[in-house]
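> Sharing a structure, written as C-alpha cells. Questions coming.
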Amino acid sequence: MPKVYLVVHGCSSNLADYEIAAGLLTQAGFELVDNSEKSDLNVIFTCIVKFRTFNRMLHMIKQMTNLKKPLIVAGCMTKTERRLIEKLNPDASLVAPDSVEKIVEAAGSALEGKKVVFLEDQNKPKLNLPRRRINPVIGIVPIARGCLQKCSYCHEPYRGKLFSYPLKEIVSEVKRAVAEGCKEIWLTSLDNGCYGLDGGTNLAELLNAVCGVEGKFFVRVGMINPLHAKNMLKELIEAYRNPKIFKFIHLPLQAGSDKILRLMERGYQVKDFVEIVEEFREKLPELTLATDVITGFPEESDSDFKRTLELIRRIKPEVTNVSKFGARPWVKASGYEQLPGDVIKERSKELFNLCKTIWLEKNKKWIGWEGECLIDEKGRKENTWIGRNFAYKPIVVHSTENLLGKFLKVKVVGAAHTYLLGTVIQEFDG
C-alpha cells in the first residue's frame, strides 16, 4: 500500500480540493501519512495569494524536492508558475484545481517515475465526490469556479471564467455533509457574490435552498464582492435572516479611496460598500463584518490612505485582513509606479494597530452574553475548545471532555482582540 503525504495551504476552496484528493486516494488504496519523511509520494496544494505564502510554497517545493521522492504540485501555483515549479523540480507532476479528480492517476504515474501534467480547465462541479474531511464538524462546499472581475492586482488563474455549480448538486452535497455529521457548512468560491450570474440565479436563492436542508447546522457564507452584493441587497439580507445562516459577512473593502478602487478596477465605490454595511447592520444589528484592506497600492497618496483609516474608524469592522501590496509580474498593477517598501510597511502597521483597537472594543461588548455555541475546533492550548455563536464570534471555553461538534449554552466572561472567553452553562442535544 503506497504511502502518501498531503499538505495544504490557502483558502477554503483549496481545503476542499485537499479533502477530495485525500478521499479519492484513500478509496484507491493509498495510505495517508502525517509526515513527508514517512511517505512514498508527497503532494503539496499550493497557494499564491500573498508574497509571504508564495515564498513559503517555493521553500516547501525545494524541501520536498530534496527528499528525492516523487512529488505532485497541486493548487493555484500550477496555473501561474509552471516554469518556476519545473525549474525547481523538473520531474514534479502538476495537477491544477480543476483536475483534482485525476489525483489518483497522477499519483500512480508519479510512483512509476512518470511525470504527468493536468492543467486543463473543466466546467465540471467538484461535488458529491469522496471526501476525507480535515474537520469532521465542517463541510466545505464549493459553489463555483472563477469570478466575473478582472482586478488589476489579481493573480488568480480563473478570473473572468465563472462557472457556477448547479444549485441542486450543491444542495445534494450539503445534505450529504449533514448526514455525515457536519454541523457547520462553508459555502466557498473565489467570489460567492457572482454565484449564478452565469445561469439565471443568484446567491440569495442558493442560500434559501441550502437552508431548506433538514437537520441542525449553521452556514458560513464566503466572500462576497460589494459589486454584486449591492445588486441583490434586499434578497440577500432576507436570506441572511434564516436562523441557519451565521450572521457573518465577508465584504472586502480593499481601499477607502475611490481613486484607488478605480485603479484596482474593483467596479464599486466607497459609498456602495458603506450602503451595504449600513443596510445589513440596520436589519441585523449583531452582524459580524469581516473585510479586507490592501495598503500601499500604487499611487496611494497620504490622503488616500487617510481616507481608508477614516472609513475603518467609521464602520468599525469586527474582522479586518490587512495585506501589504506586492505586485506579481503578470498582473496589470505591476506596471504602475510602486510605492517604497518602508511606506507600505508603516501604513500596514498603522492600519493594523487601529484595527486591533476596534476589535477589542467590539469584543468587549459581548461580555455578559449568554446563548448557543457550536464547538467547531480544538483550541491551541490544552483542554481548550473554540466555538461559534450565531454571529460566528469565536468563543474559547475550557473542558477536559471532548466537546467537538457539540452545541453548548455558554456565557461570555472575557474578551481578547480576536476571540471571546466563555464558560459552559449546559449542553444541548443536536
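> Summing -39500 (n - 2.57) over the DSSP H runs of n ≥ 4 in the chain and dividing by its residue number, what mean residue ellipticity at 222 nm do you reach, to the nearest 500 deg cm²/dmol?
Only helices count here, giving -10500 deg cm²/dmol.
> For the stretch 370-427, what relative contact order do you get, as a whole percent, if you take Cα pairs closer than 8 Å and at least 6 residues apart? Walk me through the numbers before you get to the answer.
Values: 135 pairs, mean separation 18.9, N = 58.
After rounding, I find 33 percent.
> Can you give me the Cα centroid spacing of the stretch 160-177 and the stretch 106-146 in angstrom?
Value for the Cα centre distance between the two parts: 15 Å.
> Using +1 at the C-beta of Lys and Arg and -1 at the C-beta of Asp and Glu, which of Gly108, Asn35, Leu25 has the Cα lying farthest in the positive direction of the dipole of the stretch 3-118?
Positive-most Cα among the choices belongs to Asn35.
> Taking the Cα centre of the stretch 130-185 as origin, sum charge times position over the Cβ atoms of Lys and Arg (+1) and Asp and Glu (-1), and report the length of that vector in debye to the nearest 20.
100
> Here's another thing I want to ask about it. Provide Rg and Dmax in Å for the stretch 138-364, with only Cα atoms included in the calculation.
Over the stretch 138-364's Cα set, Rg and Dmax evaluate to 18.1, 54 Å.
> Where does the charge balance sit around Glu81 when Lys and Arg score +1, Asp and Glu -1, over other residues with C-beta under 12 Å from its C-beta?
That works out to +4.
> So, one more: What percent do you get for the relative contact order of the chain when only Cα pairs under 8 Å and 6+ apart count?
So the answer I get is 10 percent.
> Next question, about the same structure. Calculate the dipole size of the stretch 230-345 relative to its Cα centre from +1 charges on Lys and Arg beta carbons and -1 charges on Asp and Glu beta carbons; express the result in debye to the nearest 20.
The dipole magnitude comes to about 240 debye.
> Using only alpha carbon pairs under 8 Å that are at least six residues apart, calculate the relative contact order of the stretch 325-430 and give it in whole percent.
23
> Follow-up. Among Leu227, Leu261, Phe217, whose Cα sits farthest toward the positive end of the charge dipole of the stretch 158-281 (+1 at Cβ of Lys/Arg, -1 at Cβ of Asp/Glu, about the Cα centre)?
Phe217
> For Tyr240, Tyr165, which order do you get if you count the other beta carbons within 10 Å of each Cβ and list the fewest first?
With the fewest neighbours first, Tyr240, Tyr165 line up as Tyr240, Tyr165.
> Any chance you could check the Cα centroid distance between the stretch 27-63 and the stretch 331-348 for me, in angstrom?
What the calculation gives is 30 Å, centre to centre.
> Let's see if you can work this out: charge +1 on each Lys and Arg Cβ, -1 on each Asp and Glu Cβ, no other charges. What is the dipole magnitude of the chain about its Cα centre, in debye to the nearest 20?
On the way: 64 positive and 54 negative charges, 119 e Å.
That gives a dipole near 580 debye.
> Please name which of Leu289, Val343, Ile358 has its Cα lying farthest along the dipole of the chain towards the positive end, using unit charges on Cβ (Lys, Arg +1; Asp, Glu -1) and the Cα centre as origin.
The one lying farthest along the dipole's positive direction is Val343.
> I need two numbers for the chain: Rg to one decimal and Dmax as a whole number, Cα atoms only, in Å.
Cα radius of gyration and Dmax of the chain are 21.9, 62 Å respectively.
> Looking at this model, which pairs from Lys175/Lys356; Lys244/Lys316; Lys183/Lys283; Lys306/Lys409; Lys124/Lys183; Lys316/Lys409 are more than 31 angstrom apart at the alpha-carbon?
Lys175/Lys356; Lys306/Lys409
Laboratory data are not the source of any read-out in this text; all were calculated from the coordinates shown. Keep in mind that what you see is a predicted model, and the values were worked out from it rather than measured. Note that we place each Cβ from the backbone using ideal geometry, even for glycine, and neighbour counts take in every protein chain shown.
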